[in-house]
Amino acid sequence: MKKLLLSFALVAFSLTANAQFSLGAGVGIPTGDAGDITSTSYNLSATYMFGAESDFKFGLSASYLAFSGKTIDLGDFGEVDLGNYAWLPIATVLNYSVSDKLTVGSDVGYGVGLSPEGIRWWFILKT
């Protein structure tokens, strides 16, 4: 499975049809407090930009983020399995090319929860 994910990531990074369309993939290891509830994360993303001929570029972006939850030991209260959870962030992208080497941009969007079990625990732990 790891070889399959690595192969897919390498193909995704090398697939750029042109400057307007991009695909990406990644694997993350949590740091800080996030390491208490998750062990790894995986993501796939796609972005399409319009108006490639001007300094302003507008586009759409969508990603799939998956997190592997951990089992937390609560001592006398037993254990809680946080399970896996996933999100689907969808955003609009606005970029401005200040120069040939500098681009300033912003993504504004909304993340749709795909795994209610994991999302439920996330909000309980955050409050």
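The values are calculated or read from the model by the stated rules, or taken from the named source; none is laboratory data. These figures come from a predicted structure and were not determined experimentally. Here the Cβ positions follow ideal geometry from the backbone for every residue, glycine too, while neighbour counts run over all protein chains shown.
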Quiz item: Which one is nearest to Tyr96 (Cα to Cα) among residues in the range 51-67 that are within 22 Å of the chain's Cα centre (by Cα) and surrounded by fewer than 16 Cβ atoms within 10 Å (Cβ to Cβ)?
Solution: Phe58
Quiz item: From the set of residues in the range 19-42 that are exposed (fewer than 11 other Cβ atoms within 10 Å of the Cβ) and not small (Gly, Ala, Ser), which is modelled with the highest pLDDT?
Solution: Ile29
Practice problem: Evaluate the following for Thr16: is it hydroxyl-bearing (Ser, Thr, Tyr), at pLDDT below 80 and out of contact with any Gly (no Cβ under 7 Å at 6 or more places or on another chain)? | Solution: yes
Quiz item: Considering only residues of the range 84-108 that are among the aliphatic types (A, V, I, L, M) and under 19 Å from the mean Cα position of the chain (by Cα), which is farthest from Ser63 (Cα to Cα)?
Solution: Leu94
Exercise. Could you please let me know if Leu88 is at pLDDT 85 or above, in contact with a helix residue (DSSP H, G or I) (Cβ under 8 Å, 6 or more places away or on another chain) and outside any loop (DSSP other than H, G, I, E, B)?
Key: no
Quiz item: When the residues of the range 26-50 are filtered to those that are without any contact (Cβ under 8 Å) to a residue 60 or more places away in the chain, hydrophobic (A, V, I, L, M, F, W, C) and not in a strand (DSSP E or B), which remaining residue is nearest to Ser97 (Cα to Cα)?
Solution: Ile29
Quiz item: Considering Thr71, Thr92, which residue is under 17 Å from Ser115 (Cβ atoms) and among the polar types (S, T, N, Q)?
Solution: Thr71
